[in-house]
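The structure appears below as C-alpha coordinates.
The values are calculated or read from the model by the stated rules, or taken from the named source; none is laboratory data. On a predicted model such as this, the values are computed, not experimentally measured, just so you know. As a convention, Cβ positions derive from the backbone with ideal geometry for all residues, glycine included, and neighbour counts pool all protein chains shown.
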(Lines give C-alpha, C1' and ligand atoms only; values in the text may rest on other atoms or scores of the structure.)
Protein backbone atom coordinates (compact mmCIF):
# COMPACT_ATOMS: atom_id res chain seq x y z
CA UNK A 1 0.00 0.00 0.00
CA UNK A 2 1.36 3.42 -0.95
CA UNK A 3 1.07 5.70 2.09
CA UNK A 4 1.95 9.37 1.81
CA UNK A 5 2.35 11.88 4.64
CA UNK A 6 2.09 15.48 3.41
CA UNK A 7 4.77 17.78 4.77
CA UNK A 8 2.45 19.84 6.98
CA UNK A 9 2.85 20.80 10.61
CA UNK A 10 0.89 18.66 13.05
CA UNK A 11 -2.23 20.14 14.64
CA UNK A 12 -2.59 20.23 18.41
CA UNK A 13 -5.85 18.80 19.76
CA UNK A 14 -6.15 20.03 23.36
CA UNK A 15 -9.32 18.01 24.00
CA UNK A 16 -7.66 14.69 23.18
CA UNK A 17 -4.08 15.69 24.15
CA UNK A 18 -2.81 14.60 20.75
CA UNK A 19 -1.07 15.94 17.72
CA UNK A 20 -2.86 15.09 14.49
CA UNK A 21 -1.40 14.80 11.01
CA UNK A 22 -2.82 13.64 7.68
CA UNK A 23 -1.95 10.68 5.50
CA UNK A 24 -3.17 9.27 2.23
CA UNK A 25 -3.29 5.52 1.73
CA UNK A 26 -4.18 4.86 -1.88
CA UNK A 27 -7.51 6.65 -2.34
CA UNK A 28 -8.20 6.79 1.41
CA UNK A 29 -7.63 9.92 3.50
CA UNK A 30 -6.47 9.00 6.99
CA UNK A 31 -6.46 11.18 10.09
CA UNK A 32 -3.47 10.17 12.17
CA UNK A 33 -2.87 11.14 15.78
CA UNK A 34 -0.18 10.53 18.36
CA UNK A 35 -0.88 10.93 22.05
CA UNK A 36 1.00 13.30 24.31
CA UNK A 37 1.83 10.29 26.47
CA UNK A 38 3.53 8.54 23.55
CA UNK A 39 5.48 11.69 22.72
CA UNK A 40 6.63 11.97 26.34
CA UNK A 41 7.37 8.27 26.87
CA UNK A 42 9.15 7.52 23.60
CA UNK A 43 10.18 10.73 21.88
CA UNK A 44 11.44 12.99 24.66
CA UNK A 45 8.64 15.56 24.98
CA UNK A 46 9.42 17.40 28.22
CA UNK A 47 5.78 18.13 29.07
CA UNK A 48 2.21 18.26 27.78
CA UNK A 49 2.78 21.81 26.53
CA UNK A 50 2.02 22.18 22.85
CA UNK A 51 5.51 23.49 22.08
CA UNK A 52 7.16 20.49 23.76
CA UNK A 53 4.90 18.02 21.95
CA UNK A 54 5.51 19.68 18.58
CA UNK A 55 9.26 19.72 19.14
CA UNK A 56 9.33 16.00 19.92
CA UNK A 57 7.11 15.22 16.93
CA UNK A 58 9.25 17.21 14.51
CA UNK A 59 12.49 15.75 15.87
CA UNK A 60 11.20 12.18 15.40
CA UNK A 61 8.78 12.60 12.51
CA UNK A 62 10.21 9.77 10.34
CA UNK A 63 9.83 7.21 13.15
CA UNK A 64 6.32 8.43 13.96
CA UNK A 65 5.27 8.25 10.31
CA UNK A 66 6.71 4.72 9.99
CA UNK A 67 4.64 3.68 13.01
CA UNK A 68 1.54 5.35 11.57
CA UNK A 69 2.08 3.57 8.24
CA UNK A 70 2.31 0.24 10.03
CA UNK A 71 -0.98 0.88 11.86
CA UNK A 72 -2.72 2.11 8.71
CA UNK A 73 -1.66 -1.03 6.85
CA UNK A 74 -2.81 -3.24 9.72
CA UNK A 75 -6.21 -1.60 10.20
CA UNK A 76 -7.09 0.02 6.85
CA UNK A 77 -8.86 2.62 9.00
CA UNK A 78 -9.74 6.22 8.18
CA UNK A 79 -8.45 7.31 11.61
CA UNK A 80 -5.61 5.92 13.70
CA UNK A 81 -4.15 6.93 17.04
CA UNK A 82 -0.64 5.99 18.12
CA UNK A 83 -0.60 5.29 21.85
CA UNK A 84 2.44 4.69 24.02
CA UNK A 85 1.78 0.94 24.13
CA UNK A 86 2.13 0.67 20.35
CA UNK A 87 5.72 1.88 20.57
CA UNK A 88 6.53 -0.40 23.52
CA UNK A 89 5.21 -3.35 21.55
CA UNK A 90 7.13 -2.73 18.33
CA UNK A 91 10.23 -0.62 18.90
CA UNK A 92 12.69 -3.23 20.19
CA UNK A 93 11.78 -6.14 17.93
CA UNK A 94 11.54 -4.09 14.74
CA UNK A 95 14.81 -2.25 15.23
CA UNK A 96 16.60 -5.54 15.81
CA UNK A 97 15.08 -6.90 12.60
CA UNK A 98 16.06 -3.77 10.66
CA UNK A 99 12.46 -2.96 9.70
CA UNK A 100 11.55 0.36 8.08
CA UNK A 101 7.92 0.06 9.10
CA UNK A 102 8.16 0.88 12.80
CA UNK A 103 9.97 3.32 15.00
CA UNK A 104 13.25 2.10 16.22
CA UNK A 105 16.24 3.36 18.01
CA UNK A 106 15.66 7.02 17.30
CA UNK A 107 13.27 7.26 20.23
CA UNK A 108 14.87 7.95 23.60
CA UNK A 109 14.73 5.09 26.08
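Could you list all residues from the range 44-83 that are surrounded by fewer than 20 Cβ atoms within 10 Å (Cβ to Cβ), outside any helix (DSSP H, G or I) and without any contact (Cβ under 8 Å) to a residue 24 or more places away in the chain?
Within the range 44-83, 46, 47, 49 qualify.
Restricting the search to the range 1-15, which residues are loosely packed, with under 13 Cβ neighbours inside 10 Å and either out of contact with any strand residue (DSSP E or B) (no Cβ under 8 Å at 6 or more places or on another chain) or touching a residue at least 40 places away in the same chain (Cβ under 8 Å) (or both)?
Within the range 1-15, 1, 7, 9, 14, 15 qualify.
Residue check: is residue 35 closer than 17 Å to residue 5 by Cβ and either surrounded by 14 or more Cβ atoms within 10 Å (Cβ to Cβ) or touching a helix residue (DSSP H, G or I) at 6+ places or on another chain (Cβ under 9 Å) (or both)?
Numbers: closer than 17 Å to residue 5 by Cβ: no; either surrounded by 14 or more Cβ atoms within 10 Å (Cβ to Cβ) or touching a helix residue (DSSP H, G or I) at 6+ places or on another chain (Cβ under 9 Å) (or both): yes.
Considered against the rule, which asks whether it is closer than 17 Å to residue 5 by Cβ and either surrounded by 14 or more Cβ atoms within 10 Å (Cβ to Cβ) or touching a helix residue (DSSP H, G or I) at 6+ places or on another chain (Cβ under 9 Å) (or both), residue 35 comes out as no.
Would you mind telling me which numbered condition in (1) out of contact with any helix residue (DSSP H, G or I) (no Cβ under 9 Å at 6 or more places or on another chain); (2) modelled with pLDDT under 95 residue 22 fails?
Single failed check for residue 22: (2).
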